[in-house]
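Structure first, then comments.
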Amino acid sequence: MWNLVLKLLDDNIMSKIKDLALDVIKACLKILLVVRPKKTTSNFYGKDPFNYAGNYVLDENKLTPAEKAVLSYVQKYASKYGICPALIMAIIKHESNFNPNSIGDEGLAIGYMQVHWDAAYRAGYRSRRGKDKKYAKEDWPKDGLNPNINIKYGVGYLKICYKKHKNNPVYNDPLKNALSAYNLGIWPHGPDKINEKIYVEPIIKNYESYIKIAKKLNHKFSI
């Protein structure tokens with residue numbers, strides 16, 4: 001009789017221990033899910049857009065004729081500056097919708113990447129007439145319509161924005177900081193939440209679309 005009672009008590013205790021153990025496991029799993037680091041946009045699909053190593057390219061067969069027209073320049077300067085070609089394409093799509101003759105911002109924003117003369121100058125652009133800023137300002141409206149020149153200095157300026165503002169607390173995200181600064185100018189402004197909805201987020205959406213059509217290479221892409 002007593003043996004039966006003790007057995008029932010043991011079974012009851014063991015059942016409670018099992019229930020308690022399950023509750024503890026569930027609680028631990030909830031904590032892990034809460035504190036688990038989220039993938040940031042800057043590391044979308046595991047690819048850091050500012051650490052491009054030339055090991056993948058965009059699938060030309062999935063691009064429109066207008067997109068194909070800039071692909072060689074995009075890939076060239078993606079490799080040169082270490083910036084994901086999908087991100088460059090996303091910026092061009094938003095800035096000019098692949099119109100090489102696009103002019104905006106009262107005549108100051110030129111070409112595919114809508115680059116201002118002073119941004120191009122900071123990225124290394126110099127007029128053939130000399131190094132003076134005056135020449136750069138005068139000649140950029142024409143030179144900036146050249147696709148190779150426009151994308152070269154547009155991507156170069158984007159890299160400057162990234163280096164200067166990657167740790168800026170405004171967004172606490174290197175990609176968002178770089179995009180915001182590219183749009184607003186890094187001197188004296190820098191990144192700001194003011195253009196998050198109308199500029200930063202649409203480009204990130206474009207970027208996510210382009211990265212999906214990237215194809216891996218068996219060799220490193222070179223210029």
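FYI, it's all coordinate maths here, none of it is from the lab. Predicted model only: the values in this text are computed from it and were never measured. All Cβ positions, even for glycine, are placed from backbone atoms using ideal geometry, and neighbour counts span all protein chains on display.
Under a point-charge model restricted to the Cβ atoms of Lys and Arg (+1) and Asp and Glu (-1), what is the dipole moment magnitude of region 70-132 relative to its Cα centre, in debye to the nearest 20?
Numbers: 8 positive and 5 negative charges, 85 e Å.
Result for region 70-132 is approximately 400 debye, rounded to the nearest 20.
Among Ile88, Ile213, which comes first, second and so on when ranked by fewest other beta-carbon atoms within 10 Å? All intermediate terms of the calculation are to be shown ahead of the outcome.
Working: Ile88 29, Ile213 15.
Lowest count first: Ile213, Ile88.
Starting from the Kirkwood radius over alpha-carbon pairs of region 41-216, derive D by Stokes-Einstein at 25 °C in a medium of 0.890 mPa s and give it in µm² s⁻¹. Please report the intermediate quantities before stating the final value.
Working: Rh = 16.1 Å.
The diffusion coefficient I find is 153 µm²/s.
Amide H contacts of Ser127 (H built 1.01 Å from N, in plane; Pro and chain starts excluded): Ala136 sit under 5 Å, all sequence-distant by 5 or more or on other chains. Which pairs in the list Lys62/Lys131; Lys133/Lys215; Lys134/Lys205; Lys133/Lys197; Lys142/Lys212; Lys137/Lys166 are over 32 Å apart, alpha-carbon to alpha-carbon? Pairs exceeding the cut-off: Lys62/Lys131; Lys133/Lys215; Lys134/Lys205; Lys133/Lys197; Lys142/Lys212.
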